[in-house]
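> My questions all concern the structure below.
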């Protein structure tokens, strides 16, 4: 994974969604949803995280079919958050800074295929504009050793994953995959952004 030049200086988004009260939802794809779920579940202001699929038909929204690589689905997480505590732009900052490697195209490490792509599934034109502006901001600052490959895609539908995939990392902490891929991401969050953690 390309290292951030200076993780502590990862910039806040210059452009962000307008402040608001109440609950909002973001849908992000950053490789295996077991790993991204573990990162965002730990954040203060996040009230719920659900793994699932986005990008294709309901007819192919199941784990076996998506993992075959024959669909346009991505493994995603649906993040429900308190917009008074955490902005959309701050979610994106942690998405790019901790949760995955946005410079890899159609893969994350050894997980290869379009289902593991880096993508932001936006709900509104405002979310699209904020995400596009932040990608440009990070690329211009040369935060990573390569260009960001994250795609911006309109959210047509979110299909919740099967029950066995929910809270997978928390339920399987000794799994080699979780220990080597998911846990380091959570540790990175704890190291670089301790002020963002649930108390």
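> Any residue that is under 23 Å from residue 176 (Cα atoms), in contact with a strand residue (DSSP E or B) (Cβ under 6 Å, 6 or more places away or on another chain) and modelled with pLDDT of 95 or more - is there at least one of those in segment 106-116?
The answer is yes, given that some residue of segment 106-116 is under 23 Å from residue 176 (Cα atoms), in contact with a strand residue (DSSP E or B) (Cβ under 6 Å, 6 or more places away or on another chain) and modelled with pLDDT of 95 or more.
> Go through (1) buried (at least 16 other Cβ atoms within 10 Å of the Cβ); (2) under 20 Å from residue 55 (Cβ atoms); (3) over 15 Å from the mean Cα position of the chain (by Cα) for residue 168 and report which single condition fails.
All conditions pass for residue 168, except number (2).
> Okay, next question. Quick one: which of 159, 192 is crowded, with 18+ Cβ neighbours inside 10 Å and either over 14 Å from the mean Cα position of the chain (by Cα) or free of Cβ contacts under 8 Å to residues at least 24 places away in the same chain (or both)?
Being crowded, with 18+ Cβ neighbours inside 10 Å and either over 14 Å from the mean Cα position of the chain (by Cα) or free of Cβ contacts under 8 Å to residues at least 24 places away in the same chain (or both) holds for just one of 159, 192, which is 159.
> Determine, yes or no, whether residue 76 is outside any loop (DSSP other than H, G, I, E, B) and under 20 Å from residue 189 (Cβ atoms).
Yes; evaluated as a whole, the condition is true for this residue.
> Step by step: first the residues of segment 129-150, then only those that are crowded, with 16+ Cβ neighbours inside 10 Å and touching a strand residue (DSSP E or B) at 6+ places or on another chain (Cβ under 9 Å), then the one that is farthest from residue 97 (Cα to Cα). Which residue is that?
Here the answer is 130.
Residue by residue, here is whether (1) at pLDDT below 95; (2) in contact with a strand residue (DSSP E or B) (Cβ under 8 Å, 6 or more places away or on another chain); (3) crowded, with 23+ Cβ neighbours inside 10 Å holds:
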residue: 14; (1), (2), (3): no, no, no
residue: 22; (1), (2), (3): yes, yes, no
residue: 25; (1), (2), (3): no, yes, no
residue: 36; (1), (2), (3): no, yes, yes
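> May I pose another question? For residues that are within 26 Å of residue 9 (Cβ to Cβ) and out of contact with any helix residue (DSSP H, G or I) (no Cβ under 6 Å at 6 or more places or on another chain), scanning just segment 97-113, find the one that is surrounded by the most Cβ atoms within 10 Å (Cβ to Cβ).
If we take residues in segment 97-113 being within 26 Å of residue 9 (Cβ to Cβ) and out of contact with any helix residue (DSSP H, G or I) (no Cβ under 6 Å at 6 or more places or on another chain), then 100 is surrounded by the most Cβ atoms within 10 Å (Cβ to Cβ).
> Related question: Take residue 84 and tell me if it is over 14 Å from the mean Cα position of the chain (by Cα) and assigned to a helix (DSSP H, G or I).
Judged against the criteria, residue 84 is not a match.
> With the requirement that a residue be touching a residue at least 40 places away in the same chain (Cβ under 8 Å), under 17 Å from residue 42 (Cα atoms) and not in a loop (DSSP other than H, G, I, E, B), what does segment 166-179 give you?
Answer for segment 166-179, where residues must be touching a residue at least 40 places away in the same chain (Cβ under 8 Å), under 17 Å from residue 42 (Cα atoms) and not in a loop (DSSP other than H, G, I, E, B): 168, 169, 170, 178.
> Only one of these conditions is not met by residue 79: (1) surrounded by fewer than 24 Cβ atoms within 10 Å (Cβ to Cβ); (2) at pLDDT 95 or above; (3) on the phi < 0 side of the Ramachandran plot. Which number is it?
All conditions pass for residue 79, except number (1).
> Considering each residue of segment 16-51, count those that are farther than 30 Å from residue 67 by Cα and not in a strand (DSSP E or B), and give that number.
Matching residues across segment 16-51 total 9.
> Select from segment 144-158 the residues that are outside any loop (DSSP other than H, G, I, E, B) and in contact with a helix residue (DSSP H, G or I) (Cβ under 6 Å, 6 or more places away or on another chain) and list them in ascending order.
If the condition is that a residue be outside any loop (DSSP other than H, G, I, E, B) and in contact with a helix residue (DSSP H, G or I) (Cβ under 6 Å, 6 or more places away or on another chain), then 152 is the only one that fits.
The values are calculated or read from the model by the stated rules, or taken from the named source; none is laboratory data. All values derive from a computational prediction rather than experimental measurement. Quick reminder, even Gly has a Cβ in these numbers, built from the backbone with ideal geometry, and neighbours come from all protein chains shown.
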